[in-house]
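So the structure is just underneath, and the comments pick up after that.
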Amino acid sequence: MCGIYPAPARGVKRLVASRVGIVQFLQWLTMSDLSCQLNALYAQVPATRCAGSGDCCVLTDEEFDNYYATMFPLYRAEYANIAAYVEAEFSSERSGELLAITEERPRRCPFLGPDHGCTIYPVRPMICRTYGAMNPVSLAREALRNEGQRPAVQIREFVRREGGMACPRVAVTEPQKVAAHARMLIDGGYDRELERLSEGVELAAGERQKLYRKLTGKKRWPLRWSWGGFNAVRSAPLDWLREHLASYWKKSELADAS
């Protein structure tokens, strides 16, 4: 099992002896499998070494005013993976605090630690892993390498998007992966796989799901959102959903749902 999650505390044999235990065991298997698939996808991104300033995890006034967001886009599968990690690895008090965050676009990433390190580094999402993985030199080289092989509009978008995430404080430590990584970015390969994995993730069921559909008019959970946005529909008390979700959804700037 390649997932990051420890076996349930009650033990596998004891769990499968009861109906509730079987449900918990299946949930554990599902999350472990999801973690495996995400890790396989993440492994294609060149590893980097960051100076650890934390600047990329805090929005400037200009970025905030221009609708930038920290840790966005966050795919549904990635949210589920991070939420499971938080529940398993953090204290109940701290995990409760993190899962209670409903601010959709905070100025500071909630996982930025006091030492400017990432407190969920093993399960950080794709957007954080790709930050700084391309620099002006590698962007120009890979754009030229793919010229004539891929549509020009895709290459221009690749240069524009990744150029905005180039960071002089980040060093690539796996340069042998850069060419394949660039092709995945140009072709949208990462996004397609994250979408596929996310389609199989249900955030909740029962009354919570009914309230979500009724108050938002959407049949499906958002494919991409933010940590606070996903928390609002997955973890907020039902009374909060009944009273606030409709207005929260109308004000949402980042939710991607159909």
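The values are calculated or read from the model by the stated rules, or taken from the named source; none is laboratory data. From a predicted model like this one, the values you see are computed outputs, not experimental measurements. With ideal geometry, Cβ positions are generated from the backbone for all residues, glycine too; neighbour counts draw on all protein chains shown.
List every residue pair whose Cβ atoms lie under 6 Å apart, where the two residues are 6 or more positions apart in sequence or sit on different chains, the first residue falls within region 219-237 and is without any contact (Cβ under 8 Å) to a residue 40 or more places away in the chain, and the second residue, located anywhere, is small (Gly, Ala, Ser) and surrounded by fewer than 18 Cβ atoms within 10 Å (Cβ to Cβ).
220/258
Can you give me the ranges of the helices (runs of 4 or more DSSP H) entirely in region 169-217 with at least 3 residues that are among the hydrophobic types (A, V, I, L, M, F, W, C)?
It comes to 178-187.
Residue 256 fails exactly one of the following numbered conditions: (1) outside the structural domain of residue 108 (by TED's automatic domain parsing); (2) more than 19 Å from residue 102 (Cβ to Cβ). What is the number of that condition?
Every condition holds for residue 256 apart from (2).
Given the conditions (1) under 23 Å from residue 44 (Cα atoms); (2) surrounded by 14 or more Cβ atoms within 10 Å (Cβ to Cβ); (3) over 22 Å from the mean Cα position of the chain (by Cα), report the number of the one that residue 173 does not fulfil.
(2)
Output the qualifying pairs, or none if there are none: Cβ atoms under 6 angstrom, residues six or more apart or on different chains, first residue in region 57-72 and among the β-branched types (Val, Ile, Thr), second residue surrounded by fewer than 16 Cβ atoms within 10 Å (Cβ to Cβ).
Listed pairs, sorted by first residue: 58/108.
Going by the structure shown, is residue 245 surrounded by 14 or more Cβ atoms within 10 Å (Cβ to Cβ) and in a helix (DSSP H, G or I)?
Spelling it out, residue 245 is indeed surrounded by 14 or more Cβ atoms within 10 Å (Cβ to Cβ) and in a helix (DSSP H, G or I).
So how many residues does region 218-238 have that are of a type in the set (S, T, N, Q), in contact with a helix residue (DSSP H, G or I) (Cβ under 8 Å, 6 or more places away or on another chain) and not in a helix (DSSP H, G or I)?
So the answer is 1.
Determine, yes or no, whether residue 60 is surrounded by 14 or more Cβ atoms within 10 Å (Cβ to Cβ) and among the β-branched types (Val, Ile, Thr).
No, not satisfied.
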